[in-house]
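The values are calculated or read from the model by the stated rules, or taken from the named source; none is laboratory data. Nothing here was measured: the structure is a model prediction, and the numbers come from that model. Cβ atoms come from the backbone with ideal geometry, glycine included; neighbour counts cover every protein chain shown. With ligands, DNA and RNA removed, areas are computed over all heavy atoms of the protein, side chains included. Shrake-Rupley method; radii C 1.70, N 1.55, O 1.52, S 1.80 Å.
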Amino acid sequence: MVQELVIAAVAAVSGAAVYGMAAARVVKQYERGVVLRLGRLHDRVRPPGFTMIVPGVDRLRKVNMQIVTMPVPAQDGITRDNVTVRVDAVIYFKVVDPASAVIAVEDYRFAVSQMAQTSLRSIIGKSDLDDLLSNREKLNQGLELMIDSPSVGWGVQIDRVEIKDVSLPETMKRSMARQAEADRERRARVINADAELQASKKLAQAAQEMSSQPAALQLRLLQTVVAVAAEKNSTLVLPFPVELLRFLERAQQGQPPAEVRQPQSPSGYDGSSPQTEPHARTGSQAQAESHAPESHARGEDLAQDGSRAARLPADEPPAPRDPATGLPDPATASPDSAEERQHGGARAEPFVHH
């Protein structure tokens, strides 16, 4: 009898141990337990720690409450400005309602992944290329709202959505590189022009200050010479003052016209009688006259005196001539003819030099 009792006690203990082992469950700190009793949701969610369920009646499902990082596969799309791009993203979410995550959706991870892909395609079609490249923060917020709206009923909260990379075609990359280069060149030219403008204003002010003090310009010239000589050059550059050039230009503009030299008459008077202006000589005539011998010049003078004597009245004898020069002797000239030449009488012929 005692032996039977011992056997029954051992069997009961063994059964209790087996039952305890079958009913015992451990829920981790980052998990929550959802119990389904005979297929129905138990109203109490099991907290972390040790818990017991009815074996064969209850079914415990553990739900991870940590933030899940899920990569969204790259999606090909066409932007609003008709540019083909390939965009991939990453999504951060967590479960806030374990019961809804188990009951409302079959697999909340797969559902969130598919919703993220479709939302990413939609946001690509609604955005421009410039927004995808430079205004990603706004696109991330819009993508988060699009995914979070249906996931609220699944007991899932979208924590954050980030667009990782935007892949462009090679032709578009080259076009954008040329555009960026042209924009940088434009800004560089504008900066250089602005610097030239400011420098010109400062130089104008410096020139105005130096104009009031002429010694300042001379000191500046000496400073330039010192700066050039400090280079140890074999050639020394001396700046030419601009004021000297202006002085020479003003002197050239204010120079009076060249005076016309009147040739002296053979009689030796100072040109008080009417004289004719000499004819303009060409360069060939001047060169020929410069190389002509003195005898030729004397012959021309004798020919002119003979023609003058031929035009005198017949009753007036010709004037005696100097044997050395062949010209009329002024000492033996008649007083009437000398007086007429002095006062410009009608008989005085103009001296024309050809």
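At a glance:
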{"item": "Residue match in the stretch 94-111 (condition: buried (at least 16 other Cβ atoms within 10 Å of the Cβ) and closer than 26 Å to T79 by Cα)", "result": "yes"}
{"item": "Qualifying residues in the stretch 84-102 (those that are assigned to a strand (DSSP E or B) and among the hydrophobic types (A, V, I, L, M, F, W, C)) - the one farthest from L145 (Cα to Cα)", "result": "V85"}
{"item": "Candidates L133, L139, filtered to the one that is open to solvent by 50 Å² or more (accessible area, probe 1.4 Å) and more than 30 Å from L41 (Cα to Cα)", "result": "L133"}
{"item": "Leading residue by the ranking (surrounded by the most Cβ atoms within 10 Å (Cβ to Cβ)) among those in the stretch 112-122 that are polar (S, T, N, Q) and either at positive phi or out of contact with any helix residue (DSSP H, G or I) (no Cβ under 8 Å at 6 or more places or on another chain) (or both)", "result": "Q117"}
{"item": "Looking only at the stretch 54-83, and only at residues there that are hydrophobic (A, V, I, L, M, F, W, C) and in a strand (DSSP E or B), the one that is surrounded by the fewest Cβ atoms within 10 Å (Cβ to Cβ)", "result": "I78"}
{"item": "Considering residues of the stretch 92-142 that are among the charged types (D, E, K, R) and over 15 Å from R80 (Cα atoms) only, the residue nearest to the chain's Cα centre (by Cα)", "result": "R136"}
{"item": "Test: residue in the stretch 22-45 that is out of contact with any Pro (no Cβ under 8 Å at 6 or more places or on another chain), among the polar types (S, T, N, Q) and either more than 16 Å from P98 (Cα to Cα) or modelled with pLDDT of 85 or more (or both)", "result": "no"}
{"item": "Inter-residue pairs, beta-carbon under 9 Å, first among the hydroxyl-bearing types (S, T, Y) and in the stretch 9-31, second part of a loop (DSSP other than H, G, I, E, B) and open to solvent by less than 80 Å² (accessible area, probe 1.4 Å), 6+ apart", "result": "Y19/P55; Y30/P48; Y30/M65"}
{"item": "Hits in the stretch 75-87 - residues which are at pLDDT 90 or above and within 27 Å of V156 (Cα to Cα)", "result": "V87"}
{"item": "Conditions (1) assigned to a strand (DSSP E or B); (2) closer than 30 Å to L139 by Cα; number of the one not met by V105", "result": "(1)"}
{"item": "Qualifying residue in the stretch 16-30 (condition: in contact with a Lys or Arg (Cβ under 9 Å, 6 or more places away or on another chain), part of a loop (DSSP other than H, G, I, E, B) and on the phi > 0 side of the Ramachandran plot)", "result": "no"}
{"item": "Near pairs, Cβ below 8 angstrom, 6+ apart or cross-chain, from the stretch 44-71 (closer than 20 Å to Y30 by Cβ) to any residue that is acidic (D, E)", "result": "P48/E31; K62/E31; V63/E31; N64/E31; M65/E31; I67/D159"}
{"item": "Residue in the stretch 116-129 that is farthest from V34 (Cα to Cα), counting only those that are of a type outside the set (S, T, N, Q), in a helix (DSSP H, G or I) and in contact (Cβ under 8 Å) with a residue 40 or more places away in the chain", "result": "L129"}
{"item": "Members of the stretch 1-43 that are aliphatic (A, V, I, L, M) and surrounded by 12 or more Cβ atoms within 10 Å (Cβ to Cβ)", "result": "A22, A23, A24, V27, V34, V35, L36, L41"}
{"item": "Residue in the stretch 144-160 that is most open to solvent (accessible area, probe 1.4 Å), counting only those that are part of a strand (DSSP E or B) and of a type outside the set (V, I, T)", "result": "R160"}
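Yes/no per residue for (1) out of contact with any strand residue (DSSP E or B) (no Cβ under 7 Å at 6 or more places or on another chain); (2) surrounded by 10 or more Cβ atoms within 10 Å (Cβ to Cβ); (3) free of Cβ contacts under 8 Å to residues at least 24 places away in the same chain:
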| site | (1), (2), (3) |
| --- | --- |
| V166 | no, yes, no |
| M172 | yes, yes, no |
| A180 | yes, yes, yes |
| Q205 | yes, yes, yes |
| S212 | yes, no, yes |
| A216 | yes, yes, yes |
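Quick grid of which residues meet (1) on the phi > 0 side of the Ramachandran plot; (2) among the hydroxyl-bearing types (S, T, Y); (3) modelled with pLDDT under 90:
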{"site": "G56", "(1), (2), (3)": "yes, no, yes"}
{"site": "R59", "(1), (2), (3)": "no, no, yes"}
{"site": "M65", "(1), (2), (3)": "no, no, no"}
{"site": "T69", "(1), (2), (3)": "no, yes, no"}
{"site": "V90", "(1), (2), (3)": "no, no, no"}
{"site": "V96", "(1), (2), (3)": "no, no, no"}
{"site": "F110", "(1), (2), (3)": "no, no, no"}
